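To start, the structure itself, in structure tokens.
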Amino acid sequence: MTFRLDFDDERRLGPGKIALLEAIQTSGSIAAAGRRFGMAYRRAWLLTDELNRMFADPLVLTRGGGRNGGGAILTPLGEEIVAAYREAERKIRQATTVEVDRFERALVKRS
């Protein structure tokens, strides 16, 4: 089970963007984070830019330099957003266990 926050028609935050932020935090690179998910650098960069524009302050800071020194880090707000999302995810799972189990039992069995 996953959950996504739809703030409005244009701003969404879900498991894919959170995983990208976590991968940036781990790897120190937007390119490396994108590769982890089989994503082109441009797609990873566009998602990162979207996240930075979605919030009042950026979630990711980059420094140019390419092969010899570029990179990316999460800002304190970026770390806070990831932690808050994961905590909300944990609470939702805990609070909806019975209902989610009911939905899963009703799903068509895949072979």
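Some points to look at:
- Size descriptors for region 31-111, from the alpha-carbon set: Rg then Dmax equal 18.0, 53 Å.
- Mean Cα-pair separation over length for the chain, i.e. relative contact order, pairs under 8 Å, 6 or more apart, %: 20 percent
- The portion of the accessible surface of region 27-111 made up by carbon and sulfur, rounded to a whole percent, is 55 (1.4 Å probe; DNA, RNA and ligands excluded).
- Heavy-atom accessible surface of F7, to the nearest 10 Å², is about 110 Å², with a 1.4 Å probe and all protein chains retained.
- For region 72-103, the residues whose amide N sits under 19 Å from a probe point set 7 Å from the Cα of L5 along the beta carbon direction are 74-96.
- Solvent-accessible ranking of S111, S27, largest area first, probe 1.4 Å: S111, S27
- Choice from R63, R12, R43 showing the highest fluctuation, given a GNM over the chain with Cα pairs closer than 10 Å: R63
- The Cα atoms of region 30-74 give a gyration tensor whose axes a ≥ b ≥ c have a/c of 1.5 or more with a/b no greater than b/c, which makes the shape oblate.
- Highest-first packing order for the peptide set 29-37, 95-103 is 29-37, 95-103, based on the mean count of other beta carbon atoms within 10 Å.
- Look at where the Cα atoms of region 71-111 and of region 10-67 average out, and the two centres are 19 Å apart.
The values are calculated or read from the model by the stated rules, or taken from the named source; none is laboratory data. Computed from a predicted structure; not experimentally measured. Positions of Cβ are backbone-derived with ideal geometry, glycine not excepted, and every protein chain shown enters the neighbour counts. Ligands, DNA and RNA are stripped out before the accessible areas are found, and what is left, the full protein with its side chains, is counted by its heavy atoms. Shrake-Rupley method; radii C 1.70, N 1.55, O 1.52, S 1.80 Å.
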